[in-house]
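Shown next, in structure tokens, is the structure this report addresses.
The values are calculated or read from the model by the stated rules, or taken from the named source; none is laboratory data. None of these values were measured; they are calculated from a predicted model. In this analysis, Cβ positions are derived from the backbone assuming ideal geometry, glycine residues included, and neighbour counts consider all displayed protein chains.
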Amino acid sequence: MKEELITTLAIVGVLLGGQSVRAQSISASSEAQTLRGNIVWPMANEAKFVAENTQNTITQAKLSEIAARKGRSNEVRGLASQMLDQNNMATASLQTLAGAKSVIMPYALDSAHQWRVTRITDLPKDIFNVAYLAQLNEDQVEELSALENLPANLDPSLKTWAEQRKDALRNDIVRGAWVGVKRHADRVHVAVNPLQESYF
């Protein structure tokens with residue numbers, strides 16, 4: 001399998017409904033707002049960034065927490081444990097930045113993100129691994145795409161967080177796809193990118 005250089009993973013027909021559900025956008029006022037009369041919220045870009053990325057990191061952590069328990073192979077459970085720790089750390093670091101900007105983080109998932117977790121929770125064990133890898137990959141690719149198109153006037157500290165997050169996501173997409181091919185080559189489709197040759 002080493003000649004198959006991997007960047008993305010797509011699963012066909014694994015009880016995932018066949019369609020991607022994009023996370024619902026979380027709206028924010030275009031003007032600064034006052035909270036409790038004395039705390040000033042940042043402009044819409046910062047509030048929207050924190051809200052959307054909190055949803056992403058918490059979703060991936062919840063998916064991975066389930067997979068760390070339910071995964072059927074050491075590779076999948078190991079990947080899930082790493083993703084759980086990494087996303088919890090990403091959430092915590094974003095919380096610190098949000099606190100400095102007086103932004104309240106949405107710790108409860110919205111319906112779209114919660115559905116992503118719910119739909120794999122009760123899947124049969126024989127398809128759980130591939131379903132988890134597919135959902136994780138979908139979320140990571142979607143998040144990376146969003147982080148590639150940030151507002152020019154976004155707060156510098158949030159831009160730095162985004163750059164670090166993008167680096168982690170690029171590595172994680174490759175790592176997850178490699179686990180998928182190694183364990184489930186008969187059930188995945190691999191997209192090849194020669195730029196990733198150094199990983200293998």
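Observations on the model:
- Yes/no for Val117 being at pLDDT 90 or above, in a helix (DSSP H, G or I), more than 17 Å from Val50 (Cβ to Cβ) and under 17 Å from the mean Cα position of the chain (by Cα): yes
- If the condition is being closer than 14 Å to Gln55 by Cα, among the hydrophobic types (A, V, I, L, M, F, W, C) and crowded, with 21+ Cβ neighbours inside 10 Å, then region 132-152 contributes only Leu136.
- The single residue among Val130, Val50 that is out of contact with any Cys (no Cβ under 8 Å at 6 or more places or on another chain), closer than 15 Å to Gly176 by Cα and not basic (Lys, Arg) turns out to be Val130.
- Comparison of Leu84, Leu79, Leu109, Leu63 shows that the only residue that is farther than 17 Å from Asp167 by Cβ, of a type in the set (A, V, I, L, M), free of Cβ contacts under 8 Å to residues at least 40 places away in the same chain and crowded, with 17+ Cβ neighbours inside 10 Å is Leu84.
- Which numbered condition Val103 misses (of (1) surrounded by 22 or more Cβ atoms within 10 Å (Cβ to Cβ); (2) farther than 27 Å from Leu158 by Cα; (3) over 17 Å from the mean Cα position of the chain (by Cα)): (2)
- The lone exception for Leu97 - which of (1) in a helix (DSSP H, G or I); (2) farther than 15 Å from Gln60 by Cα; (3) free of Cβ contacts under 8 Å to residues at least 40 places away in the same chain it fails: (3)
- Among the criteria (1) at pLDDT 90 or above; (2) assigned to a helix (DSSP H, G or I); (3) farther than 14 Å from Phe49 by Cα, the one Leu109 does not fulfil is (2).
- Filtered by the rule that a residue be closer than 21 Å to Tyr132 by Cα and among the small types (Gly, Ala, Ser), region 85-107 gives a lone residue, Ala90.
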